[in-house]
Amino acid sequence: MDEDHNNGGFLDMGKADRSVWLMKCPVVVAKSWKSQLASSSSSDSQPLAKVVFSLDPLKPDDPSLHQFTMEVAGSDTERIPKSYSLNMFKDFVPMCVFSESSQGSVAMEGKVEHKFDMKPHEENIEEYGRLCRERTNKSMIKNRQIQVIDNDRGVHMRPMPGMVGLISSNPKDKKKTMPVKQSDVKRTRRDRGELEDIMFKLFERQPNWTLKQLVQETDQPAQFLKEILNELCVYNKRGANQGTYELKPEYKKSAEDTAAE
């Protein structure tokens with residue numbers, strides 16, 4: 001146990017040298033796993049998935065011939081693709097994994113040795129695309145409600161984003177006030193899965209978008225959008241579509257199928 005002088009507690013370093021794999025999985029899979037863990041107790045917990053490692057027996061030491069696949073288990077995953085490919089990356093920022101118990105004790109669980117991107121197999125891409133479209137349609141449903149306020153003097157009203165500096169109690173100051181630029185208004189991040197659904201919907205409308213256009217369409221921070229775009233799209237540095245983003249081939253197939261429908 002090593003004492004942490006900054007917070008007055010302890011950091012358990014017993015597993016600091018353990019190798020850990022970091023995996024980014026689709027939202028539908030993550031939600032399915034969370035629901036399975038929430039519904040099962042520690043005594044009857046079942047494996048969530050099985051990882052299969054394949055290699056060439058004639059060249060077992062050649063890393064370019066190594067393949068990782070994952071087969072999802074569970075009884076509530078009928079509508080979720082079962083087989084996924086795991087693309088491994090070794091060139092990433094060094095990371096460690098920490099955990100915190102309900103009692104507040106903190107432990108280091110290990111160092112990230114490999115990073116994986118989890119993607120559906122080609123034979124499951126259409127099924128996965130259909131799930132993405134369903135999530136997109138659900139996210140586009142507006143759940144806002146209109147509420148009638150009895151107090152017509154506006155006591156319960158609050159300034160909306162972008163209105164600061166526009167309203168003045170002094171009539172002489174009205175000419176001096178300047179409207180707040182849209183770029184100065186702080187944008188609130190959406191849920192990552194919800195934003196991915198909206199992005200798929202936009203690329204179904206047209207195949208190429210600039211970053212500025214996507215910021216206007218989604219009203220999201222540019223830096224947050226770039227993170228999503230780097231995962232879903234390729235950036236055209238030259239050609240007729242220079243300066244625009246378009247979906248990666250594995251995602252573009254789903255979008256094209258949707259347009260055909």
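The values are calculated or read from the model by the stated rules, or taken from the named source; none is laboratory data. Quantities reported herein were computed from a predicted structural model and do not represent experimental measurements. Ideal geometry is used to build each Cβ from the backbone, glycine not excepted, and the neighbour counts take in all protein chains shown. Heads up: the accessible areas ignore ligands, DNA and RNA and are worked out on the full protein's heavy atoms, side chains in. Shrake-Rupley method; radii C 1.70, N 1.55, O 1.52, S 1.80 Å.
Every condition in (1) open to solvent by 40 Å² or more (accessible area, probe 1.4 Å); (2) modelled with pLDDT of 70 or more; (3) aliphatic (A, V, I, L, M) holds for MET160 except the one numbered (2). Summed over segment 88-134, residues that are out of contact with any strand residue (DSSP E or B) (no Cβ under 8 Å at 6 or more places or on another chain) and under 26 Å from GLU194 (Cα atoms) total 9. Only one of the numbered conditions (1) at pLDDT 75 or above; (2) open to solvent by 50 Å² or more (accessible area, probe 1.4 Å) is not met by ASP117, and that is (2). Scanning segment 210-261 for residues that are open to solvent by 80 Å² or more (accessible area, probe 1.4 Å) and among the aliphatic types (A, V, I, L, M), we see that the one that is modelled with the lowest pLDDT is ALA260. Scanning segment 42-51 turns up no residue that is surrounded by 12 or more Cβ atoms within 10 Å (Cβ to Cβ) and at pLDDT below 80.
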